[in-house]
Amino acid sequence: MTKCRLQDQFSKRLSFIKEMKKVHPQSYPDFPVDISEKSSQQFCRDLALRGVEEMFEALQHLKNWKPHRLTEIRDEIDKEEFLEEIVDALNYFYSMLIVVGVDANDLHEAYLKKDAKIRERLKNGY
């Protein structure tokens, strides 16, 4: 039976976190963390900000997003580098989910619930 790709990504990230803890014991707290604790919130915030930084690095590859710019930059976008930065961001976000005890199934269920909500909003003119 083939594993779900999302589950595979979570598994790979969990494996990386465990290896990272062996090499750099202070890099991650013991988890799952209690999200109500200040230190846990600080750690999650740090992971989220690192993910956002990686998203900004991905966005730096986009050159023609300014609506007021009349000329287009014709340089080829390096899609591989763009995607690599997105993966870096996902890894930080996956790490944050893992340390708070969320797994691929939890994320998928939350995704489905939110998807239904936003589709209902769209249907009702939100």
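The values are calculated or read from the model by the stated rules, or taken from the named source; none is laboratory data. The shown structure was predicted, so the numbers you read here are calculated from the model rather than taken from an experiment. Methodologically, a virtual Cβ is constructed for each residue, glycine included, from the backbone with ideal geometry; neighbour enumeration extends over all protein chains shown. These accessible areas exclude ligands, DNA and RNA; they are computed on the full protein's heavy atoms, side chains included. Shrake-Rupley method; radii C 1.70, N 1.55, O 1.52, S 1.80 Å.
Subtracting the Cα-Cα distance of E81 and Y126 from their residue separation scaled by 0.36 nm leaves 12.6 nm.
Only alpha carbons enter this Debye calculation for region 55-126, each as an equal point scatterer, and the log10 of I(q)/I(0) it gives at q = 0.12, 0.21 Å⁻¹ is -0.60, -0.92. Please find the FRET efficiency linking D34 to L70, where r is the Cβ-Cβ separation and R0 is fixed at 35 Å, and quote it to the nearest 0.05. That gives a FRET efficiency of 0.05.
In region 51-126, what trypsin sites (Lys or Arg not before Pro) fall in a loop by DSSP, with at most 13 other Cβ atoms inside 10 Å? Please list the in-between numbers first.
Working: sites: K63, R69, R74, K79, K113, K114, K117, R119, R121, K123; in loops: K63, R69, R74.
Filter output for region 51-126: K63, R69, R74.
Solvent-accessible area per residue in the chain equals 81 Å², computed with a 1.4 angstrom probe and all protein chains kept. Overall, the ratio between the Cα radius of gyration of the chain and 2.2 N^0.38 Å, rounded to two decimals, is 1.32.
In summary, the lysines within cross-link reach of K38, defined as a Cα separation below 29 angstrom excluding same-chain residues under 8 places away, comprise K12, K18, K21, K22, K113, K114. For region 21-124, GluC sites (Glu not before Pro) are listed when DSSP marks them as loop and at most 15 other Cβ atoms sit within 10 Å of their Cβ; the list is E37, E72, E76. Of all the options M96, M20, M55, the one that moves most in a Gaussian network model of the chain with Cα springs shorter than 10 angstrom is M20.
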